[in-house]
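Working notes for the structure below.
The values are calculated or read from the model by the stated rules, or taken from the named source; none is laboratory data. Not measured: the values here are computed from a predicted model. In this analysis, Cβ positions are derived from the backbone assuming ideal geometry, glycine residues included, and neighbour counts consider all displayed protein chains.
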Amino acid sequence: MSLKTYLTTLATERSPVPEVISFRATRQAIGWFGMLLPLALSFGNWLLGNCCVLQPSISHYYYTNMRELFVGTLCAVALFLFTYKGHSKLDSYAANAAGLFCLGIALFPTELATISCQAPVVSIFAIDWQWILHYISAALFFLVLAYMSGFLFTKSNLPPAQQPLRKRQRNRLYKACAAIMVGCIVGIGVNHLFFDPQPESTLTFWLEALALVAFGVSWLTKGEAMLAD
């Protein structure tokens with residue numbers, strides 16, 4: 001086959017069920033964005049900002065050289081969630097709500113911490129209590145994602161006993177990811193309400209990173225990158 005014939009075939013031949021492939025790619029993209037964000041921010045801040053200090057939380061990278069990556073990634077995830085269409089309207093509404101809360105995390109930054117590598121930044125939505133909106137948005141973002149993972153992704157037309165082995169395995173993984181996300185959010189809340197963490201404490205960062213890994217694993221599995229039939 002000549003090169004011209006091969007290129008003509010590629011240009012005219014349709015991929016099988018392109019809509020299904022698009023849904024899978026969207027789910028996988030959302031998963032990868034979530035999982036890689038903590039690593040990209042911390043490594044990028046060290047590489048480009050010459051700062052080896054881990055920030056108190058992922059949100060505090062807003063005040064570092066990684067601000068554009070932080071905001072850009074959140075906006076990209078929000079866009080994917082806004083355009084996501086699930087098997088039911090409830091799936092779509094939940095994803096859209098998560099996208100809205102994700103956008104809130106980006107637009108309403110957390111408070112500035114007294115730690116190295118941070119510098120004040122003027123937000124276009126600068127208000128005295130914007131950090132409250134940030135915390136509310138972050139908590140609701142993960143809680144909605146946990147709900148999707150634990151209750152929507154596990155749905156099936158078949159009773160559990162009749163479901164294929166892979167589906168049962170995926171459901172256990174979805175529920176585990178949901179439990180991890182909820183546990184991390186509760187842990188962050190308890191730490192801030194009752195233990196008054198010091199500015200240099202990185203517990204919140206690690207709990208947020210763990211929640212993002214659980215979020216990413218859940219969506220990668222939904223996108224059939226893991227435990228596919």
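Specify the residue that is nearest to the chain's Cα centre (by Cα); the eligible residues are those in the range 167-196 that are among the charged types (D, E, K, R) and at pLDDT 90 or above. I'd like the intermediate steps shown before the answer.
In the first step, residues of the range 167-196 are kept if they are among the charged types (D, E, K, R); the result is 167-168, 170, 172, 175, 196.
With at pLDDT 90 or above added as a condition, the list becomes 167-168, 170, 172, 175.
Details: K167: 23, R168: 24, R170: 19, R172: 20, K175: 16 Å.
Going through the qualifying residues, I end up with K175.
From the list S42, S22, which one is in a helix (DSSP H, G or I), over 26 Å from M148 (Cα atoms) and either of a type outside the set (D, E, K, R) or at pLDDT 70 or above (or both)? First the steps, then the outcome.
Numbers: S22 fails: over 26 Å from M148 (Cα atoms).
Result: S42 is the single residue among S42, S22 that is in a helix (DSSP H, G or I), over 26 Å from M148 (Cα atoms) and either of a type outside the set (D, E, K, R) or at pLDDT 70 or above (or both).
Condition check: closer than 24 Å to H192 by Cβ and in contact with a helix residue (DSSP H, G or I) (Cβ under 9 Å, 6 or more places away or on another chain). Does F101 satisfy that? Give the steps one after another, and end with the answer.
On the way: closer than 24 Å to H192 by Cβ: yes; in contact with a helix residue (DSSP H, G or I) (Cβ under 9 Å, 6 or more places away or on another chain): yes.
Judged against the criteria, F101 is a match.
Is it the case that some residue within the range 130-142 is β-branched (V, I, T), surrounded by fewer than 14 Cβ atoms within 10 Å (Cβ to Cβ), farther than 23 Å from A225 by Cβ and without any contact (Cβ under 8 Å) to a residue 24 or more places away in the chain? Outline the logic, then answer.
So in the range 130-142, the residues β-branched (V, I, T) come out as 132, 136.
Within this subset, residues satisfying the condition of being surrounded by fewer than 14 Cβ atoms within 10 Å (Cβ to Cβ) are 132.
Subsequent filtering for residues that are farther than 23 Å from A225 by Cβ retains 132.
Cutting the leftovers down to without any contact (Cβ under 8 Å) to a residue 24 or more places away in the chain gives us 132.
Looking for residues that are β-branched (V, I, T), surrounded by fewer than 14 Cβ atoms within 10 Å (Cβ to Cβ), farther than 23 Å from A225 by Cβ and without any contact (Cβ under 8 Å) to a residue 24 or more places away in the chain, one finds at least one in the range 130-142, hence yes.
Per-residue answers, yes or no, for (1) part of a helix (DSSP H, G or I); (2) more than 25 Å from F33 (Cα to Cα):
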site	(1), (2)
A138	yes, no
A146	yes, no
L158	no, yes
S218	yes, no
M226	no, no
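Going by the structure shown, is K89 among the basic types (K, R) and touching a residue at least 24 places away in the same chain (Cβ under 8 Å)?
Numbers: among the basic types (K, R): yes; touching a residue at least 24 places away in the same chain (Cβ under 8 Å): no.
Spelling it out, it is not the case that K89 is among the basic types (K, R) and touching a residue at least 24 places away in the same chain (Cβ under 8 Å).
For a quick check of your reading of the model, give me the residue pairs whose first member lies in the range 174-199 and is part of a loop (DSSP other than H, G, I, E, B), whose second is not hydroxyl-bearing (S, T, Y), with beta-carbon atoms closer than 9 Å and at least 6 apart or on different chains.
Between residues of the range 174-199 that are part of a loop (DSSP other than H, G, I, E, B) and residues that are not hydroxyl-bearing (S, T, Y), the close pairs are F195/L203; P197/P56; P197/N191; P197/L203; Q198/P56; P199/P56; P199/A113; P199/I115.
Check T114, T64 and return the single one that is within 19 Å of T202 (Cβ to Cβ) and without any contact (Cβ under 8 Å) to a residue 60 or more places away in the chain.
Details: T114 fails: without any contact (Cβ under 8 Å) to a residue 60 or more places away in the chain.
Selected residue: T64, the only one of T114, T64 that is within 19 Å of T202 (Cβ to Cβ) and without any contact (Cβ under 8 Å) to a residue 60 or more places away in the chain.
Taking only the range 83-106 into account, find how many residues are in a helix (DSSP H, G or I) and charged (D, E, K, R). Don't jump to the end; show me each part of the working.
Pass one, the range 83-106, residues in a helix (DSSP H, G or I): 83, 89-106.
Okay, now just the ones that are also charged (D, E, K, R), so 89, 91.
Looking only at that region, the number is 2.
Which one is surrounded by the most Cβ atoms within 10 Å (Cβ to Cβ), of the residues in the range 59-108 that are of a type in the set (K, R) and over 15 Å from I30 (Cα atoms)? Walk me through how you get there before you give the answer.
Within the range 59-108, the subset of a type in the set (K, R) is 67, 85, 89.
Among the residues that remain, those that are also over 15 Å from I30 (Cα atoms) are: 67, 89.
Details: R67: 15, K89: 9.
Among residues in the range 59-108 that are of a type in the set (K, R) and over 15 Å from I30 (Cα atoms), the one surrounded by the most Cβ atoms within 10 Å (Cβ to Cβ) is R67.
Quickly run through the range 76-120 and pick out the residues that are at pLDDT 90 or above, under 14 Å from H134 (Cβ atoms) and among the small types (G, A, S).
G104, A106
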